[in-house]
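Following: one structure in structure tokens, then a few remarks.
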Amino acid sequence: MNIFKSIQFTNSGSVSICQNCAHFQNDPALIEAAYPGLTIMSSGYASVRDKDGICNFNQLYLSARDSCPHFSAITLEA
């Protein structure tokens, strides 16, 4: 898949990582809803998940330290 060519895995030195992107969702409840069978083995709240989450743009489960060209900074509401 072409999307894997654009994703930089574990890019911890950059500010433009998934954890700081508006497309990235790492809410445990959202992850459990996206992967209904997950609760059979574990939970979306599990410590092994760390800060991983789902990219709404690429529709992938990714590490919070990954990055891609579709990064969009989170804007805080005033």
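Every read-out reported here was derived from the displayed coordinates using simple, explicitly stated rules and does not represent laboratory data. As the structure is a prediction and not an experimental result, all values here were calculated from the model.
If the chain between residue 35 and residue 57 were fully stretched, how many nm would it gain, using 0.36 nm times the residue separation less the Cα-Cα distance?
On the way: separation 22, 0.36 × 22 = 7.92 nm, distance 1.71 nm.
Extending this stretch completely gives an extra 6.2 nm.
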In order over region 61-68: 3J(HN,Hα) from phi, Karplus 6.51/-1.76/1.60, θ = phi - 60°, whole Hz, x for each Gly or Pro, gives 8, 9, 6, 5, 8, 6, 8, 7
Return the long-range amide H neighbours of residue 64 (sequence gap of 5 or more, or a different chain), with a cut-off of under 5 Å between placed amide H atoms.
51, 52, 53
